[in-house]
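Below: one structure, written as structure tokens.
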């Protein structure tokens, strides 16, 4: 059986993984972490619940599909040759350099994810305890 | 340390604070808030069953239930809510909501009647989640 502390640690570890995953995925969609050297074979836009706002932009680059943000998708067209070093903010399209910026989604994640990770320990550290019925143990405050 | 009887209020405050953060940080992406709130809400409703268990089982039950909720969220995101693609950000957001719900309930050793507040708050939050996800 887990103790409350053990359960709290497991939940915290899961939260950390999820938050890190969110931060990286939104960063990835800005292309910043990616190393690229290939041709854009196709572009595809798939609609979600709010067309024009949460559209999914997919680029096929030398057989690999990459999900990118709308500003990035707007820079490239089918047939473009892309070059980029990992973690560089410069995307070279057909020999011309273009600056990549953090998307608003990525920026938002870097704010919201730490906040959620702060709320979690606050919840755990301030947890109260209602004694089980019939218990002589006083309520923990 | 707050009194245990305030756990429902603390849970509501936690939901409001984190939801407000999502709403303010992503004003155009209400689906992020929707997924987070739906994950929180559905998990809280599942967690209401934990109150039917002996107190010594509850921390384990909370962790297991949270993982079940996350797995169910994976299933829905892979199927009925897979409109364009399986979005890992949507999955992560709803799973974070699930974990926050688990943290809210952890430590409440109250009687089974306490499940009522979890169900009630979960229902309200679920309505909010669907509203923001599809608004």
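The numbers here are math on the coordinates, done by the rules we state, and not lab data. These figures come from a predicted structure and were not determined experimentally. Here the Cβ positions follow ideal geometry from the backbone for every residue, glycine too, while neighbour counts run over all protein chains shown.
Considering all different alpha carbon pairs of segment B:94-135, the Kirkwood hydrodynamic radius works out to 11.5 Å. Considering segment A:44-107 at the alpha-carbon level, its Rg and Dmax are found to be 12.3, 36 Å.
Between B:119, B:44, B:24, the GNM of chain B built on Cα springs shorter than 10 angstrom shows B:24 fluctuating the most. For segment B:63-135, the convex hull spanned by the alpha carbon atoms encloses 93 Å³ per residue.
Per residue of B:22-33, other chain Cβ atoms within 10 Å of the residue Cβ number 5 on average. All distinct Cα pairs of the protein assembly as shown go into the 1/r average, and the inverse of that average, the Kirkwood radius, is 19.9 Å. Shielding value for B:102-115 is 6, the average number of Cβ atoms from other chains within 10 Å of each residue's Cβ. For segment B:118-135 and segment A:9-40, compute the distance between their C-alpha centroids and round to whole Å. Taking the Cα centre of segment A:9-40 as reference, the centre of segment B:118-135 is 27 Å away. Spin-label pair residue B:124-residue B:82: with each label point 7 Å from Cα along the Cα-Cβ axis, the two points sit 3.6 nm from one another. Extension gain for residue A:41 to residue A:115 (0.36 nm times residue separation, less C-alpha to C-alpha distance): 22.7 nm. One quarter of the surface of the convex hull around the alpha-carbon atoms of segment B:1-120 equals 7.6 nm², the direction-averaged projected area. In chain A, the longest principal axis of the Cα atoms and the axis of helix A:104-125 are about 10 degrees apart. Using a simple spin-label model with pseudo-atoms 7 Å out from Cα toward Cβ, residue B:56 and residue B:135 lie 4.7 nm apart.
Scaled against 2.2 N^0.38 Å for its residue count N, the alpha carbon radius of gyration of chain A is 1.55.
Please determine, in degrees from 0 to 90 and to the nearest 10, the orientation of helix B:115-134 with respect to the longest principal axis defined by the Cα atoms of chain B, where the helix direction is its Cα long axis. Tilt relative to chain B: about 10 degrees.
Could you compute the FRET efficiency for residue A:12 and residue A:85, with r as their C-beta to C-beta distance and R0 at 35 Å, rounded to 0.05? According to the calculation, E is roughly 0.50.
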